[in-house]
1. For the condition in contact with a strand residue (DSSP E or B) (Cβ under 6 Å, 6 or more places away or on another chain) and small (Gly, Ala, Ser), what is the one hit in SER63, SER86?
2. Residue by residue through segment 114-140, note down the ones that are more than 19 Å from LEU231 (Cβ to Cβ) and outside any strand (DSSP E or B).
3. Just to verify a result, which residue in segment 150-204, among those that are of a type in the set (Asp, Glu) and touching a strand residue (DSSP E or B) at 6+ places or on another chain (Cβ under 6 Å), is farthest from VAL134 (Cα to Cα)?
4. Among what's in segment 137-178 and is among the hydrophobic types (A, V, I, L, M, F, W, C) and more than 28 Å from ALA112 (Cβ to Cβ), pick the residue that is surrounded by the fewest Cβ atoms within 10 Å (Cβ to Cβ).
5. Is it the case that segment 114-124 has a residue that's of a type in the set (Ser, Thr, Tyr) and at pLDDT 95 or above?
6. Return the residues of segment 245-265 that are in a helix (DSSP H, G or I), touching a residue at least 12 places away in the same chain (Cβ under 8 Å) and under 11 Å from ASN121 (Cβ atoms); say none if nothing qualifies.
7. Conditions: (1) assigned by TED's automatic domain parsing to the domain that holds GLN70; (2) loosely packed, with under 15 Cβ neighbours inside 10 Å; (3) assigned to a loop (DSSP other than H, G, I, E, B). GLY227 meets all but one. Number of the miss?
Amino acid sequence: MFGFLKFAGVTAFALCAGLLASGPVFADDSLAKVLKEKKIRIAVDVSSPPFGVLDKNQQPDGSDVAVARQLAADLGVDLEFVQVPSNGRIPALLAGRADVTIASISITTERAKTVLFCNPNGALSIVIAGPKKVAISKPEDLVGKTIGLTRATLEEATVPKLAPPGTKIVWFDEIGATIQALSSGQVDAAGMTSFAAKAVADRNPANQIENKLNVVTAYYGPIVRPGAYALRDWINVWIFVNTQNGRLAEIYKKHTQIDLPPLPTL
């Protein structure tokens, strides 16, 4: 018996040592750090209307920005915006430049491999949008067309799966370039959120931009670094409270002109 217990003890010690050697096991103290410093850094993408834009004074605005401001106010800390392009939303967080990213990041299993998602605070639809003169009504119509897509977005993950062979996809590093390509006729159509497509159509009425195909509807939420469980838990409580009191619905409708749909929880 003594020999067995000794063997078990050595085995348990070796197992623990192996786990420690394979990588640190820790909890991120982001919430404690934010509360101590009385400041939260939130990454936002200000090139993606209506979620993030720059107002006439070149200050951040949009639904994501409003959510970030409300969150910081309710947490009782100062807010520092970290402006990033769409492909910098996750890297800025993982590099420690931001404590949270609130930038309409759609919840996917692939992204969940590298970041912790909070519960969703909004929903969006990805569409193929283009001028009225461009005939697209079904996926097969994409063959022979040039379609613009923004990297590190949900449309990057979904549109190519919809597009048949023979579709020419042109990639852009940020949504502003994709929008410019669509507005100037550099591409026949582009994949983007329905909100962005509406913004393009409203700003360029002569181009008669319209939604051609609905690709997918998805939910988006704030993200935090792996291990930041306390911060994620606080944000989840905050989302619950502001869903119940109607504040998130108010922000969403103000910036999108549509009602906030029922939100699931993770």
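1. Details: SER63 fails: in contact with a strand residue (DSSP E or B) (Cβ under 6 Å, 6 or more places away or on another chain).
Going through SER63, SER86 in turn, the sole match is SER86.
2. Filtering segment 114-140 down to residues more than 19 Å from LEU231 (Cβ to Cβ) leaves 122-140.
Across segment 114-140, the qualifying residues are LYS132, LYS133, VAL134, ALA135, ILE136, SER137, LYS138, PRO139, GLU140.
3. Our first condition is that a residue be of a type in the set (Asp, Glu); within segment 150-204, this holds for 155-156, 173-174, 188, 202.
From what is left, the residues that are touching a strand residue (DSSP E or B) at 6+ places or on another chain (Cβ under 6 Å) are 155-156, 188.
Working: GLU155: 20, GLU156: 21, ASP188: 7 Å.
Taking the candidates together, the pick is GLU156.
4. Initially, segment 137-178 is screened for residues among the hydrophobic types (A, V, I, L, M, F, W, C), giving 142-143, 147, 149, 152, 154, 157, 159, 162-163, 169-172, 175, 177.
If we keep only those that are more than 28 Å from ALA112 (Cβ to Cβ) too, we end up with 142-143, 170.
Working: LEU142: 23, VAL143: 12, VAL170: 15.
Per the stated criteria, the residue is VAL143.
5. Of the residues in segment 114-124, the ones of a type in the set (Ser, Thr, Tyr) are 114.
Filter once more, keeping what is at pLDDT 95 or above: 114.
Yes, that holds for at least one residue.
6. So the first thing to find is which residues in segment 245-265 are in a helix (DSSP H, G or I), and the list is 247-256.
Add one more test, that the residue is touching a residue at least 12 places away in the same chain (Cβ under 8 Å), and what stays is 247-248, 251-252, 254-256.
Those that are in a helix (DSSP H, G or I), touching a residue at least 12 places away in the same chain (Cβ under 8 Å) and under 11 Å from ASN121 (Cβ atoms): ARG247, LEU248, ILE251, TYR252.
7. (2)
Yes/no matrix, rows are residues, columns are (1) at pLDDT 90 or above; (2) within 25 Å of ALA157 (Cβ to Cβ):
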residue	(1), (2)
ALA8	no, no
ALA12	no, no
VAL34	yes, no
ARG41	yes, no
VAL44	yes, yes
LEU54	yes, no
GLN58	yes, no
VAL65	yes, yes
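The values are calculated or read from the model by the stated rules, or taken from the named source; none is laboratory data. Everything numeric in this text was worked out from a predicted model, so none of it was measured. Note that we place each Cβ from the backbone using ideal geometry, even for glycine, and neighbour counts take in every protein chain shown.
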